[in-house]
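Engineer: Next up is a structure, given as structure tokens.
The values are calculated or read from the model by the stated rules, or taken from the named source; none is laboratory data. Quick caveat, the model's predicted, so the values are computed rather than measured. When we count neighbours, we look across all protein chains shown, and the Cβ atoms used for this are built from the backbone with ideal geometry, even at glycine. Accessible surface is based on the protein model in full, side chains and every heavy atom, while ligands, DNA and RNA are left aside. Shrake-Rupley method; radii C 1.70, N 1.55, O 1.52, S 1.80 Å.
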Amino acid sequence: MSLLSVSGITKRFGGVVANQNISFRVAPGELVGIIGPNGAGKSTLFDVITGIEWPDAGEIRLEERRLTGLRPDQVSRLGVGRTFQKLRPFQGMTVLENVTVGALQKCRDVAHARREAQEALERVGLGEKADAYARTLSTGQRKRLELARALATRPRLLLLDEVTGGVDQGSIPGLISLIQDLHRAGMSLVVIEHNMRVIMAMAQRIVALHLGEVIADGPPEAVTRDRRVVEAYLGQAYA
Ligand code: ADP
Ligand code: MG
């Protein structure tokens with residue numbers, strides 16, 4: 001059985017069709033990459049999966065549970081965690097407090113939430129930054145903070161929106177190994193990623209989006225050689 005089933009999702013913003021009849025599945029334990037040019041509808045798809053936006057058509061399921069129509073906190077409690085492309089930590093709060101806010105989505109007991117948060121911070125290598133203010137972190141560290149916040153909700157499925165985007169080159173290998181460690185530990189992941197080196201290192205399957213539509217879905221080697229993917233996204237240099 002699939003862990004995540006996305007079936008015929010269409011999402012419009014006025015005249016803009018951000019997602020057009022999108023379908024794909026994620027098996028338990030799988031790491032699926034999503035690629036596509038800016039504006040292809042990748043982040044919108046995560047918004048629809050996590051209940052931030054409701055689709056005009058289609059359905060999302062986590063195993064047999066219907067997610068469509070649920071609020072973000074309900075989707076989070078069912079086990080879908082996500083990071084945002086645009087980072088928005090609470091700058092005036094400490095790293096631990098930021099992650100505790102995430103943990104409180106799932107458990108109401110503040111002391112317990114703090115322990116979960118600390119554990120999530122250790123997991124992403126930010127344990128020693130727990131008491132630092134979020135505003136003092138580098139971009140790479142903020143990406144880790146985002147990851148910790150998502151992990152603190154104890155997700156079964158993790159959606160990562162451009163985790164390596166805007167991060168200095170030196171911090172990228174560490175982020176890759178972190179995601180690979182999570183995957184090896186059994187986490188199912190969907191990863192939006194622009195860096196082809198990163199996606200080729202991680203993904204078992206790639207879904208390519210263009211103008212809101214799925215134009216390819218398959219093994220990384222096949223998708224990156226697909227004519228439409230090369231034309232729409234990768235360009236001749238890559239081919
Ligand atoms: P990607 O993440 O692939 O770069 P997005 O999902 O952010 O693409 O955007 C897809 C399209 O939907 C773009 O044309 C974008 O301008 C539009 N869009 C996204 N969110 C909104 C919104 N909240 N209101 C209006 N248009 C939006
Ligand atoms: Mg985006």
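Engineer: Exactly one condition in (1) touching a residue at least 24 places away in the same chain (Cβ under 8 Å); (2) open to solvent by 10 Å² or more (accessible area, probe 1.4 Å); (3) away from ligand 1 (no atom under 16 Å from the Cβ) is false for Ala103; which is it?
Structural biologist: That leaves (2) as the condition not met.
Engineer: Next up: Within the set of pairs 6 or more residues apart or between chains, which connect a residue that is over 16 Å from Lys86 (Cα atoms) inside the stretch 29-55 to a residue that is hydroxyl-bearing (Ser, Thr, Tyr) and near ligand 1 (Cβ under 7 Å from one of its atoms) with Cβ atoms less than 7 Å apart?
Structural biologist: Glu53/Thr44
Engineer: Collect the residues in the stretch 163-192 that are among the charged types (D, E, K, R) and modelled with pLDDT under 95, keeping them in residue-number order.
Structural biologist: Selection gives Asp168 alone.
Engineer: Can you tell me which residue among Phe24, Phe46 is among the aromatic types (Phe, Trp, Tyr), under 24 Å from Ala216 (Cα atoms) and not in a strand (DSSP E or B)?
Structural biologist: None of the others qualify; the one that does is Phe46.
Engineer: Suppose the filter is surrounded by fewer than 15 Cβ atoms within 10 Å (Cβ to Cβ) and not assigned by TED's automatic domain parsing to the domain that holds Leu126; does Asp73 pass it?
Structural biologist: yes
Engineer: Follow-up question, since we're still on this one. Restricting attention to the stretch 22-57, which residues are more than 16 Å from ligand 2 (Cβ to nearest atom) and either of a type in the set (Lys, Arg) or modelled with pLDDT under 95 (or both)?
Structural biologist: Across the stretch 22-57, the qualifying residue is only Arg25.
Engineer: Another question, then. So, in the stretch 1-21, of the ones that are small (Gly, Ala, Ser) and part of a strand (DSSP E or B), which residue ends up nearest to ligand 2 (Cβ to nearest atom)?
Structural biologist: Step by step, filter the stretch 1-21, then rank; the result is Ala18.
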